[in-house]
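Here the structure comes first, spelled out in structure tokens, and everything after it is commentary.
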Amino acid sequence: MVEEHLMIRETREGPQAIKKTVEENKEVVESLIREIKEKRVTKGFIIGSGTSFHASVTLNFLLTKFTSLHFTAIPASEFEDWTPIEASDYAIIAFSQSGESSDIIKAVEVAREKGVFVIGITNTPGSTLTKLSNFALVTRAGEEKAVTATKTYDAQLAISSYLAYSLSETPKAKDLLGKLETIPAIVQKVIDYEDKIREIAEKYKKAENVFVLGRGVNYANALETGLKLKEAAMIHAEGFAVREFLHGPVQLVGENTPVVIHVPTVSSLEQSEKTINKLKSYNAKIIAIAGESVKVDDFATDVIRIPDVEEELSIFPVIKAAQLFAYYISIARGLNPDKPTKLTKVVKYEGEEGQ
């Protein structure tokens, strides 16, 4: 029997990571919210690197949409240059799966020197990030051994959603907060479609360039899908906001260019129609990650179906479908997604490279 890759095993552990992260952080999040209110936090930065930066973008979107807080997501490596002259009334939310990434640690140290309130989010209890943070949230994905992050990203999306909806006073956010409990089962349904996703992925094993499009809350997932295709399948893949793709990158599209588009809801499809029509006119091969009730047959070359769910919660099934797609393209290309040749799990200085 051939031993399974770590990446696929950990991808399948996503539903449990989401469930445990939400269940085991409820009291901690309540305490953090009290702290945020006591300190009168109103603005700040959200930082991360690689996959963790994409989680930062998601949290930025949710906080902006559902709360009055004003945060800006930037890569951790850029934070030092972006820090305001006077930053003592800022907060920083720092994502790091390992809690040891040099870029994150350096950024947090700079923030602390300027009196910034530091909130660390990591999957590693007792890590350097937890020790440097004024307040730490620990996701519950369990140890992730594969370099290509999957279940830890699921957990980051879970804690981001739970935190943002808990901070919000809007009825919509309260409704979404309650529905978070249904997400593990929804994500499991995507995993149940694994064989179909594998069939589709194998069609694109010779692709050398792929574009990934998403909008709104799934913009960050477009970035993350592109990253997974790079890391696992060694494909040049780039993520873009759906409409932004028309401002230059569409020039590179042709009949041999696969384009993955995230359209989990009817609303997201309607907002993407102009871009889709352009892609159709250039005979691009379009792979739609689409909700079950979203009609895409008139333009999609292939369709990866996911369960219907509210737009904001669609981040979970969308990225699970994308993770599986990237994994099976990697396998079809004869690669080992557990061992990208130029990456390691934690990026540190002194010449060490990785994710």
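Since every read-out is calculated from the coordinates, none of them should be taken as a lab result. This is a predicted model, so every value here is computed, not measured. In this analysis, Cβ positions are derived from the backbone assuming ideal geometry, glycine residues included, and neighbour counts consider all displayed protein chains.
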Q.
Tell me the angle of helix 315-332 to the major Cα principal axis of the chain, expressed in degrees between 0 and 90 and rounded to the nearest ten.
A. 60
Q) Which of Tyr90, Tyr153 comes first, and how do the rest follow, when ranked by fewest Cβ neighbours within 10 Å? A) Tyr90, Tyr153
Q: Give the angle, between 0 and 90 degrees and rounded to the nearest 10, that separates the Cα long axis of helix 219-233 from the longest principal axis of the Cα atoms of the chain.
A: 70
**Q.** Extension gain, Glu181 back to Glu310 (0.36 nm per residue minus Cα-Cα distance, nm)
**A.** 45.1 nm
Q: Specify whether the C-alpha gyration tensor of the range 121-239 places it in the rounded, prolate or oblate class, a ≥ b ≥ c being the square roots of the eigenvalues: rounded for a/c under 1.5, otherwise prolate if a/b is larger than b/c and oblate if not.
A: prolate
Q) Pairing the Cα long axis of helix 14-23 with the longest principal axis of the chain, what angle in degrees results, from 0 to 90 and rounded to the nearest 10? A) 30
**Q.** Ordering of 183-193, 231-241 by packing [mean C-beta count within 10 Å, highest first]
**A.** 231-241, 183-193
Q | Beta bridges per DSSP with both ends in the chain, % antiparallel, nearest 5 | A | 0
**Q.** Peptides 131-138, 120-127, 145-152, 247-254 ordered by average Cβ neighbours within 10 Å, highest first
**A.** 145-152, 120-127, 131-138, 247-254
**Q.** Equivalent ellipsoid, the chain (semi-axes from 5 times Cα gyration tensor eigenvalues, Å)
**A.** 32, 22, 20
Q: Determine, for the range 193-332, the count of lysine pairs separated by eight or more sequence positions (or lying on different chains) whose alpha-carbon distance falls under 14 Å.
A: 7
Q | Length released on extending from Lys174 to Glu24, taking residue separation times 0.36 nm less the Cα-Cα span | A | 52.1 nm
Q) For the range 6-182, what log10 I(q)/I(0) values come out of the Debye formula at q = 0.12, 0.13, 0.14, 0.18 1/Å, with one point per alpha carbon and no solvent? A) -0.49, -0.58, -0.68, -1.15
Q. What value does the range 72-150 have for Rg/Rh, both radii from Cα atoms and Rh as Kirkwood defines it?
A. 0.98
Q) Picking from Ser49, Leu157, Ala146, whose Cα lies most toward the positive end of the charge dipole for the range 6-182 (charges on Cβ: Lys, Arg +1; Asp, Glu -1)? A) Leu157
Q. Given Cα pairs under 8 Å that are at least 6 residues apart, what percent is the relative contact order of the range 6-182?
A. 29
(Q) Given axes a ≥ b ≥ c from the Cα gyration tensor, I'd like to know whether the range 226-290 is rounded (a/c under 1.5), prolate (a/b larger than b/c) or oblate. (A) oblate
Q) With labels modelled as points extended 7 Å from the Cα through the Cβ direction, what inter-label distance (nm, one decimal) is found for Thr42 paired with Asn209? A) 4.7
Q: Based on a Kirkwood Rh over C-alpha pairs, give the Stokes-Einstein translational diffusion coefficient of the range 193-332 at 20 °C and viscosity 1.002 mPa s in µm²/s.
A: 149
